[in-house]
Structures are given as C-alpha cells and as structure tokens.
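Computed from the coordinates by the stated procedures, all read-outs in this text should not be read as laboratory data. This one's a predicted model, so the numbers in the text were calculated from it and none came from an experiment. Positions of Cβ are backbone-derived with ideal geometry, glycine not excepted, and every protein chain shown enters the neighbour counts.
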Amino acid sequence: MKNARIYKTAILVGLISSTQQPALAKGSLDEIFVTAQRYETTTSNFAGSVSIIDSDALAETAATHIQESLAALPGVNLHRNSGQEYLPAVRSPVLSGAGACGSVLMAEDGIALRPAGFCNVNELFESNWQQAQRIEVIRGPSSALFGSNALHGVINVVTPNAADNSVAVEVGSLDYYRTKISAGNDSTAVFFTGTTDQGFRDDYGVDEQKLTLKHQQALGDINTLTGLTAVNLNQETAGYIVGTDAYKDKDIVESNPNPEAYRDAKAVRLWTQLSSQESDRSWQVTPYLRYSDMAFLQHFLPGTPLEENGQKSLGVQTSYKIKQDNSQFILGLDAEYVDGWLKQSQAQATQGSAFLVATIPAGIQYDYEVEAIQVAPFALWKQQLNDQWAWSAGVRYEWMQYDYDNLTLDGRTRDDGTECGFGGCRYSRPADSTDSFSNLSPNLDVSYQIDDQQRVFLALAQGFRAPQAVELYRLQREQQITDLDPEELQSIELGYRWQSAGLRLELSAYDMRKDNVIYRNSDFFTIAAGKTRHRGIELALSAQLSEQWRVALAATQAKHTYDHNDTESGIVKGNYVDTAPKHFGNASVHWELNTQLGLSVQWQHMGSYFTDPANDHRYSGHDIINLRGHYELSDAITLRTRVVNLTDKRYADRADYSGFTGDRYFPGSPRAAFVEAQFSW
C-alpha cells in the first residue's frame, strides 16, 4: 500500500507540474514516425497510442538491455530474465509459454524479426537496438496493418540511414565492456556493437556482436534503401534462484543453479526498399530475406533438454498510397515463405522423482520441419471531414498455411520406439499434417481537434495471432493433435493528447477482451479455450519547465483478469492473470546545467503482482533509483556516466511460482556504475 500511495502521489505531482506554463521547448514535440502506416506521419495525426524513444533518450539511457529503455514508456513492461533474455508485455500481463512471443510484433525497420508463426520470446536481441535512431511502440492491436502477432502492439526498432562517424568505448563494474562504432558517407553507413558482460552471478557471461549496414541510392525516379543486420550471441545463462524471497539473500543472488545453461544464436536480415513519390501518390516495394539459428539449454525444464531451432524465410511488403485534398488511401499486399525447423534432445537421464525419470528419457524428444506460406492484402483509408473531425479505417485479410513434417517417430515413445512407464513419455509428436488459418482484422477510429494543442480520439480495433508452430506440433502426454483457433482481441480506446511548445501530455483508457487464448492446461494439453479481459489507464508526460529543467513521467494503472474458469488449472474468472502488476511506471528529472553538462535522476516503480493463476503467491514489487550524467569535453569528445540501482536495492527482475520448485526468481542487478567516452570526427 505504501508503494501505491507513493506512485499515485507521483502522478498527481506530474499533472500539477503540467499546468505550469513551459518556458522553452526542447525541439519539436510533434514527432515523425513510420510504424503506423509505413509512410511518414506525425504523432499528432495518429488516432492511437504511440510512444517514441528518440536517439537522445537512447544515448542518455545507454541501456545494457532493451528493457531499460522501454521501461520509460507507459503500458510496456518487459521482464528481464538472464543475459539478453526477457518476457514481453504491452498492454498485457507479462506473457509466458510457447506462444507468448506471438502476442507482440517485434520488428526492425518495419520488418518482423521473425516469421509470424516462428517467433522467439527473446527475439529483440536480434535487432541492433543499441545503435537505433529511435524505437517506435504502438500500444494496442495493430493487425490491420501488421497482421498476425500484432495482437497487443508493435515494437519497431528504426536504424539510422546515416552515420555520425564516432567510436564509443564503455566500461562498467561487474566486468562490463562495450564498443560502438558508427562510420559512413553520404550514401553508405556502417554500425557495429560489441559487448562483453560477466555480470554479478556465477558462471554467467554474454558476448555479443551486431553489425548493421545501410546504403541509399537514387535510380532515376526510384529511390532505393538497402539494410542488413547480422547478430551473433554467445551467452552463459544463469537460471532461476529458488526459495521464498531468495532475491534478498546476497549469496543466493550471486549463485547459479544451472551453470551448464547457455544460449548461442545467429541471425541475419537483408532487405531493399524501392520507393517512388509524386505529388499525389507514392509506392513502396520491400523484398527481404531472413535467417536465424539458435541452440539453448532449457534449464527451466526437468532433464534440461537442448533445443535447436532455426528458420529461413523470404517475403515482400508492398503498398500504394493515393493522397487527395482531404483524404488518403493505402492499398497493399504482403507475402512470405518460411522453412523452419526445431529439434529437442536430452543428453543425460532426468534427475528427480520416479515419475519424472520414467516419463522424460534421454534421447530425441522432438525433431520436425515446417514450411509455411502467408498472404495478406490490406487497405487503409483516412479522411479529414473538416478542420476538427477526421476518421480512418483499415482492414487486413490474412491466410497462413503450415506444412508439418515429423522427422522422428510419431507418438509419445522413446526415440527407439519403446514405451515409457506411467502410461507413456511426456513429449508427444503428432503425425505429419497441413494446417491453415485465416483472419479478417478491421479497425476504425475517429478524432476531434479541440484546438491547435489538443486532440481527442476514439479507436476500435481487432487484433489476432495465428497459433505458433510450437503450439501446434510440440505436444505433451496423450495429446496427438490440436484443434486451435487464432487468438482474437477486441479493443476500444479513448485518448487525449495535448502538445504545445514545451509540453506533451497523453492520456488513454482502454478496455480489451481476448478470446481463444492458447495455453497448456492441467492435463498438459494445448488448448484455445482461454478468455481474458484487459483494462487500463496510461499517462505519458514530458514538460520543459525552463531552459535547464525538464521532467518526464510514464504511469500505468491496469487490470488484467481471467474471463473464464478452469479450476483444475487454477484459473478462476475474475482472478488476476499471473505476472500482471496493477501499476508500474517511472519518473525522471533532467537538469542541463549548461550546454556541456547534464544530469538526470530516474525513479522506476514496479507494483506487486501474483505469480500464479490461483493468486495464492505474490511478489511485493520494488522501487529503483538510477542516476545519469553527460559532459561534452569538446565537439569531438563526450563523456557519459551512470549508476543503476543507486541505493543497491535487493529486488527481482522476474518473480514466478512453479509447482515443481515453488517461488523462483531472476534477481535484479546490484548497484553498478558505467563510464562511456565517445569520440567523433
């Protein structure tokens, strides 16, 4: 209750401060972004909830994990796991399980990091967010443009087209080292990031390299922009620590119960955008290629099996835009082909009870390939009715087909065909099959311009996601086939936006209902029988109080509840979905002493949340203080420093409850300091 009172007080103070007349703007507050419709538009003309983290904010945060940057936004609540891993949440509880990654579309330069049915829950590390020009986040369903996976929202990492010609070298406590290089000319830019992190836990480490290339060229009336991103990750993973409030014990926090765990991953994406623009019409065609390959030890499962997965995919995005005096029309077609694979194997016998030993034998547990095709036409329409009123609508039809080929024995036997005890092996391999899904996703919004500074909007949208391949073909126990429908989300949102010379205030309220929620029930069957409801209020505030002082606030009050009963699985209608804090947010104060020196202090708040569906176990939440500063020695040299977790708070980045182990946690970092020197030419 104390934390809740502090949180509400902070919101009140922020609203009071917003009524003061701002003295000076820090640049234009009407930002340009591209995620909403693939063409440039402004935030003031978008009838929906969008947040943009620009290059200045990214440089100031200097995040070691993308969660640190996204934590500054309302409605976004990624929970950090080990290394570069995380679980996503955008207007949702923190999502876990096989298909959790399919509920939020993760993209770089408008192209999804993974194919629609082959996502990975940690896939944002496959983007070069460390050197992004900006990160654009749309909160709420966006399937009318993006299709499957844009169920709760979109996170789009936008890489720069031009380099600033600089080298940055960073050193941190806990054996952290990072180098960032940016170089180029008028047509070509190269960006490289290399990171080594030994962390605060035993037998833990991250070695990561990222390379991004951009090239732009005009071919007559056609402009071309080509991008390539390549990522390599070698991670020694630290597993959960176990025991009630284990994150409060320093010795336990630094331990690693799974020193053998690791994650090795590679990813490459190549694309070229061809575009042309005339006074009243324009078009874009963007073909792309993707490749990813990953191997990781599943330390969170009995027997710690090894998963190897990958995909090769190619696709194209097309759109044609017609603009008239008071309206615009966008018509497009997206298509994609995927060749994906997954293999799960276990090297050693399972340790534990007689039941676990008998039902989870060593050997091959899954081995399959899936070919998939996706085709999706879409149309978007926007019309300005008069000086105050505008409306827009969109619709997308999407068809997806999976062709599944099991490469090992069908059924739930050992890999040599012998039966397991206790009725059969845990892992069940369905026979070859072809499965297809189709969805129609509409959206409609209307907005009213009160004056030059204020706008209100009402938005209706339906989002969806097709079942992921792992949900269809990675079965357990007696289940030999699935009968899954796509998850669907209906949303209504009311928003208010105030933008003036030195002030930006956005307030939104939403109510969403999700059907056909896919989950694994108490019988270990994958079913699409869940229902949830999601309601919330989000506030984003940024105010330039004077030439030297600026404040920012992001606050979220939400209620994510089950809307169905499954008592055997511990689900009761009206209960909070596990890992769904009622409130979270952050506030920051920025002080620019002069043109060279700046300081900021940030307060991050995480409210309490239940860690199990029955709401019997709870994490109490936490509050963290971060301090950052920068000093420009000259036009060519900039120093940045920061201290995270200034008060050395003991907390959990993620809290969970398992029927096998009880309370378990990924502990948060102790106090850590970092220094960066950037050299420009």
Exercise for the section: Specify which residue in the list N256, L151, I32 is farthest towards the positive end of the charge dipole of the chain, using unit charges on the beta carbon of Lys, Arg (+1) and Asp, Glu (-1), about the Cα centre. Expected result: I32
Practice task
If a/c stays under 1.5 just call it rounded; otherwise compare a/b with b/c (prolate if a/b is bigger, oblate if not). Do that for the chain, with a ≥ b ≥ c from the square roots of the Cα gyration tensor eigenvalues.
Solution key: rounded
Practice task
Can you spot the lysines whose alpha carbon is less than 25 Å from K382's alpha carbon? Ignore those fewer than 8 places along the same chain.
Solution key: K321, K323
Exercise for the section: Starting from the Cα of Q209, step 7 Å along the direction of its Cβ; do the same at W389; then give the gap between the two resulting points in nm. Expected result: 6.0
Handout entry: Fully extended contour minus Cα-Cα distance, from Q480 to I222, at 0.36 nm per residue
Key = 87.7 nm
Completion exercise
For V171 and Y337, extending 7 Å from Cα along the Cα-Cβ vector and measuring point to point gives, in nm, a value of 5.2
Handout entry: Total formal charge among the other residues, if their Cβ is under 12 angstrom from that of A189, Lys/Arg +1 and Asp/Glu -1
Key = -1
Practice task
Only residues of the range 299-322 count here: report those whose backbone N is under 15 Å from the spot 7 Å along Cα→Cβ of F660, or say none.
Solution key: 299-307
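Given a cut-off of under 8 Å on Cα pairs at least six residues apart, what relative contact order in percent is computed for the range 378-485? Display every interim value, and only then the final one.
Values: 193 pairs, mean separation 30.7, N = 108.
In percent, rounded to a whole number, it is 28.
With +1 on each Lys and Arg Cβ and -1 on each Asp and Glu Cβ, how big is the dipole of the range 2-680 about its Cα centre, in debye rounded to the nearest 20? Working shown, then result.
Values: 57 positive and 83 negative charges, 332 e Å.
It works out to roughly 1600 debye.
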Completion exercise
Other residues with Cβ under 11 Å from the Cβ of W271 give, with Lys and Arg +1 and Asp and Glu -1, a net charge of +1
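Once R0 is set to 35 Å, what does the formula 1/(1 + (r/R0)^6) return for the Cβ-Cβ distance between D56 and D293, expressed as a FRET efficiency to the nearest 0.05? Provide the component values of the computation, followed by the final result.
Numbers: r = 35 Å, r/R0 = 1.01.
With a Förster radius of 35 Å, E is 0.50.
Evaluate the relative contact order of the chain (contact order divided by residue number), counting alpha-carbon pairs under 8 angstrom at least 6 apart; express in whole percent. Let's see the in-between values first.
On the way: 1971 pairs, mean separation 82.5, N = 681.
Over the chain, the number comes to 12 percent.
Given a Förster distance of 56 angstrom, what is the FRET efficiency for E568 paired with Q548, based on the Cβ-Cβ distance and rounded to 0.05? The partial results should precede the final answer.
Working: r = 60 Å, r/R0 = 1.07.
After rounding, the FRET efficiency stands at 0.40.
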Exercise for the section: State the extension gain, in nm to one decimal, for the chain segment bounded by E371 and Q277, taking 0.36 nm per residue of separation less the distance between their alpha-carbons. Expected result: 30.2 nm
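On a full-extension model of 0.36 nm per residue, what is the gain between A362 and S187, subtracting their alpha-carbon distance, rounded to one decimal in nm? Present the calculation step by step, with values, prior to reporting the outcome.
On the way: separation 175, 0.36 × 175 = 63.00 nm, distance 5.39 nm.
Full extension of this stretch gives 57.6 nm more.
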Exercise for the section: Return the distance in nm (one decimal) between the two label points of a simple spin-label model at R513 and W591, each offset 7 Å from Cα along Cα→Cβ. Expected result: 5.1
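What value, in deg cm²/dmol to 500, does the helix sum -39500 (n - 2.57) over DSSP H runs of n ≥ 4 give at 222 nm once divided by the residues of the chain? Write out the running numbers ahead of the final one.
On the way: 7 runs with 49 residues, N = 681.
Estimated from H runs of four or more residues: -2000 deg cm²/dmol.
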Problem - Cut-off 15 Å, label 7 Å out along Cα→Cβ of Q324, residues of the range 363-392 by amide N - result: 380-386, 391-392
Problem - With at most 15 neighbouring Cβ atoms within 10 Å, loop GluC sites (Glu not before Pro) (DSSP) excluded, longest segment of the chain - result: 41-259
Handout entry: Efficiency of FRET between W399 and D164 - r from beta-carbon atoms, R0 56 angstrom, step 0.05
Key = 0.85
